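Data block below; observations after.
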Amino acid sequence: MSNATLSQKRPSTLRAASLPKWFGWAVAAGSVALGLGISTVAGLDSSIQWALIAGLLFIVGTFGIAARVEGKRQAKDRVATSLVWVAFLFAVIPLASLVYETVKRGVKVLDGYFLSHSMGVVATSEPGGGIYHAILGTLEQVGLAAAISVPVGVLTAIYLVEYGRGNLAKAVTFFVDVMTGIPSIVAGLFVLSTWILVLGMGPSGFAGAMALTILMLPVVVRSTEEMLKLVPNELREASLALGVPKWRTILKVVLPTAIGGITTGVMLAVARIAGETAPVLLLVWGSNYINANPFADPQASLPMYIYLQFQQSGGSGAAYDRAWAASLTLIAFIMILNLAARGIAHWKAPKSGR
Amino acid sequence: MAKRIDVSGLNAYYSSFRAIEDISMTVEPRTVTAFIGPSGCGKSTFLRTLNRMHEVTSGGRVEGKVMLDDEDLYGPGVDPVSVRREVGMVFQRPNPFPTMSIYDNVAAGLKLVGTKKKSELDDVVEKSLKGANLWNEVKDRLNKPGSGLSGGQQQRLCIARAIAVEPKVLLMDEPCSALDPISTLAIEDLIGELKERFTIVIVTHNMQQAARVSDRTAFFNLAAVGQPGKLIEIDDTARIFSNPSVQATEDYISGRFG
Ligand SMILES: Nc1ncnc2c1ncn2[C@@H]1O[C@H](COP(=O)(O)OP(=O)(O)OP(=O)(O)O)[C@@H](O)[C@H]1O
Ligand SMILES: [Mg+2]
């Protein structure tokens, strides 16, 4: 008896019927077509409705066909995979369309002139003008907020991880957690009531920066804390055992090991506060003129500029165009910060290569 | 250079748990002393009391006396940082600083406390790497990261880092347990050379290793889990392995334990 006949008699337990590679695509195409068909017949005109129907059909169809051909277990596996894909698509579509929309509308007036001029002599309904004053304001307010909250936040995290024992550390952790949940408008009102109403100071970029600090600080503390906890204890012990004092161990061994992650955390925190509107509206007031001094008089900022252009446009297309261009600038700014953070994290990460 | 260690009535605690009880022993300068004993009997804990690393653990507390020549490590006003300069340590798992190059790893101890002169550092790095038998393998890539070395090389790098600060005593906690037989032999040879200059204490689970490298051997044991570990006996290695005076030692060495 030959081997061939033997293997025919006993079917392999390892190999089973399997669907071709293009199966997933075919089902996807089929369900999109069906989804479109059903919606036209039923007279549903929203694209969200047909997309939902198609998504549902895709999952049910995958399971049904795969269960028939490949068996239950493989079908479940395929359904799990397609669920992930569908969820991914639903998450990515709004994001991609937001970026697309902003770029499409934003590039209209975004040029060198727009970036280097203020709104000083331009009425909101007229074309022209720019966002130089808003960029300057955002950079100064965010810069000030970062200049305060990065050292304070990093030192707090060092205290919590390296020194903190007992009740003080618990209290600090608790308050940091509470601070994480403070809505930005509340932070703004808090600074408004103390700095402006009680102490009688006028609106300024610095007042806004203080509110932004309240928002940024807990994020910096939390992320730095997590990064410091990731540094293996063995490294601290190795350094201490060499007779290096604790503070130098932290400075020269612990911080450099964690610096990549700490930078990423700080950049993300900056990105978060760069888009804040509410506290800036309350405390910096906004201005159409260039004010380079963050410690006196109202300033502009990018998110507030966008808001005011929309609000005061009076239906003028020029104001809308400027708002979109400013949005694009803000998104680009945050994107650049994120890329920089990734770059630094990659560059500073502990090296393992030969 | 090398110094004598004289321990008397030493107890070490983790919070309220007493990990070792009433240990007294003398370690002569320029000798190798091996600590053996079952897992959990407090060898590492005892070793770490010898350079005040025990108190780095939260809740760590020590009672008793550890004399280094004629100074009590636990005396009033003694700075643990200066103790650790005199008594260096090599850990079970190689732990080079991941952000530093091979050169910086060896120079770390000196750099982190202030010596900055390049020519001086160069000399120390070369001498220490030669002392750790690693120089020939790394002399062409001193500026590459230390974590790119093999496990055995990393452990020798850690030894070079420890001897670069010229301690008087070198403590090693199972330095070969993560290494292959060849790297182990390299480190055992190294220990033989280092004892010319340092007092060495080594913890090991490997009886042959204890027999090969040490002059004196101390056997630790604990009555039961949750009980503190005790020093059962310390004697010349040859005697411990041929004719120990306590039955438990013989049982442990011959594998008739537990
Ligand atoms: N950080 C710690 N906190 C609390 N108890 C600890 C700590 N480290 C060790 N112990 C306890 O102290 C006792 C002695 O531990 P130690 O690590 O010194 O044992 P060992 O002899 O080195 O064991 P091994 O041979 O497995 O390394 C054990 O009971 C252990 O559970
Ligand atoms: Mg141990």
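Count Lys and Arg as plus one, Asp and Glu as minus one, and take only other residues whose Cβ is under 15 Å from that of A:Ser184; the net charge is then 0.
Summarising the amide proton neighbourhood of B:Ala19: residues at separation of 5 or more, or on other chains, whose placed amide H is nearer than 5 Å comprise B:Ala12, B:Tyr13, B:Tyr14. Residue by residue, region A:46-54 carries 3J(HN,Hα) couplings of 7, 6, 5, 5, 5, 5, 5, 4, 4 Hz when phi is fed to the Karplus relation 6.51 cos²θ - 1.76 cosθ + 1.60 (θ = phi - 60°); x denotes Gly or Pro.
Computed across region A:132-352, the Kirkwood hydrodynamic radius from all distinct Cα-Cα pairs reaches 18.9 Å. The heavy atoms of A:Phe63 present about 80 square angstrom of accessible area, all protein chains included, probe 1.4 Å.
Taking all Cα pairs closer than 8 Å and separated by 6 or more residues, the relative contact order of region A:132-352 comes to 29 percent. A simple count of charges around B:Asp69, restricted to other residues whose Cβ falls under 10 Å of its Cβ and scoring Lys, Arg +1 and Asp, Glu -1, yields -1.
For chain A, the 222 nm mean residue ellipticity estimated from helices alone, with every DSSP H stretch of n ≥ 4 adding -39500 (n - 2.57) and the total spread over all residues, rounds to -23500 deg cm²/dmol.
Just check region B:1-90 against the gyration tensor rule for me: Cα atoms, a ≥ b ≥ c as the square roots of the eigenvalues, rounded for a/c under 1.5, and otherwise prolate or oblate depending on whether a/b exceeds b/c. Oblate. Nearest 10 degrees is fine. How inclined is helix B:181-194 to the longest principal axis of chain B, computing both from alpha carbons? Compared with the principal axis, the helix lies near 90 degrees. Within region A:244-321, the proportion of Cα pairs with more than 17 Å between them is 64 percent. Around A:Val142, what is the net charge, scoring Lys/Arg as +1 and Asp/Glu as -1 over all other residues with Cβ under 12 Å from its Cβ? Value of the local net charge: -1. Each 10 Å bin from 0 upward holds the following percent of the Cα-Cα pairs of chain B: 7, 30, 35, 21, 6, 0. Computed over the Cα atoms of region A:259-304, pair by distinct pair, the Kirkwood hydrodynamic radius stands at 12.0 angstrom. Among beta bridges from DSSP that stay inside the protein assembly as shown, the antiparallel ones total about 55%. The value for region B:118-236 of Rg(Cα) / (2.2 N^0.38 Å) is 1.21. Taken over region A:1-159, the ratio of Cα radius of gyration to 2.2 N^0.38 Å equals 1.90. B:Ile202 contributes an accessible area of around 0 Å² to the protein surface, as traced by a 1.4 Å probe with all chains present. Estimated purely from DSSP H runs of n ≥ 4, each contributing -39500 (n - 2.57), the mean residue ellipticity at 222 nm for chain B is -10000 deg cm²/dmol once divided by its residues. Evaluated with a Cβ-only charge set (Lys, Arg +1; Asp, Glu -1), chain B carries a dipole of roughly 680 debye about its Cα centre, given to the nearest 20. Gap in Å between the Cα centre of region B:151-170 and the Cα centre of region B:176-201? A separation of 10 Å, based on Cα centres.
Proximity of backbone amide H atoms, modeled 1.01 Å from N, is registered between B:Val203 and B:Phe35, B:Met172, B:Asp173, B:Glu174 at under 5 Å, excluding neighbours fewer than 5 places apart on the same chain.
Taking the protein assembly as shown, how much of its Cα-Cα pair set, in percent, is spaced more than 48 angstrom apart? Cα-Cα pairs of the protein assembly as shown separated by over 48 Å account for 43 percent. Distances between placed amide hydrogens fall under 5 Å for A:Thr124 paired with no residue 5 or more residues away or on another chain. For region A:235-247, backbone phi angles converted through the Karplus equation (6.51, -1.76, 1.60; θ = phi - 60°) give residue-by-residue couplings of 5, 4, 5, 4, 6, 4, 5, 7, x, 8, x, 4, 5 Hz, Gly and Pro being listed as x. Over region A:158-208, all Cα pairs binned in 10 Å intervals from 0 give whole-percent P(r) values of 22, 32, 27, 18, 0, listed from short to long. In chain B, excluding the sites themselves, the longest stretch lacking any of the trypsin sites (Lys or Arg not before Pro) that are in a DSSP loop with at most 15 other Cβ atoms within 10 Å is B:1-115.
For the protein assembly as shown, a simple Cβ point-charge model (Lys and Arg +1, Asp and Glu -1, everything else neutral) yields a dipole of about 1620 debye relative to the Cα centre. D for region A:23-105, whole µm²/s, Stokes-Einstein with Kirkwood Rh over alpha-carbon pairs at 10 °C and 1.306 mPa s: what number? The estimated diffusion coefficient comes to 115 µm²/s. Under the convention that each Lys and Arg Cβ holds +1 and each Asp and Glu Cβ holds -1, the size of the dipole of region A:268-353 around its Cα centre is about 480 debye. Our coupling estimate for region A:280-294, obtained by passing each phi through the Karplus curve with A = 6.51, B = -1.76, C = 1.60 and θ = phi - 60°, is 5, 4, 6, 10, 10, 6, x, 7, 9, 9, 6, 10, 7, 9, x Hz, Gly and Pro reported as x. Here the simple spin-label model places points 7 Å from the Cα toward Cβ, and for A:Gln312 and B:Glu126 these points are separated by 7.2 nm. Take region A:23-105 with all the other protein chains still there, run a 1.4 Å probe, and you get 67 Å² of accessible area per residue. Kindly flag which residue pairs out of A:Lys348/B:Lys144; A:Lys252/B:Lys195; B:Lys118/B:Lys144; A:Lys246/B:Lys111 have an alpha-carbon separation exceeding 20 Å in this structure. A:Lys252/B:Lys195, as the Cα separations exceed 20 Å there. Each of A:Lys72 and A:Leu268 was given a label point 7 Å from its Cα along the Cα-to-Cβ line. The distance between the two points is 4.1 nm.
At q = 0.10, 0.17, 0.21 Å⁻¹, what is the base-10 log of I(q)/I(0) for region A:66-196 according to the Debye formula with one equal point scatterer per Cα and no solvent? Please give it to two decimals. The calculated log intensity ratios at q = 0.10, 0.17, 0.21 Å⁻¹ are -0.77, -1.07, -1.20.
The values are calculated or read from the model by the stated rules, or taken from the named source; none is laboratory data. Computed from a predicted structure; not experimentally measured. Cβ coordinates were reconstructed from backbone atoms using ideal geometry, including for glycine residues, and neighbour counts include every protein chain displayed. Keep in mind that these areas ignore ligands, DNA and RNA; they rest on the heavy atoms of the full protein, side chains included. Shrake-Rupley method; radii C 1.70, N 1.55, O 1.52, S 1.80 Å.
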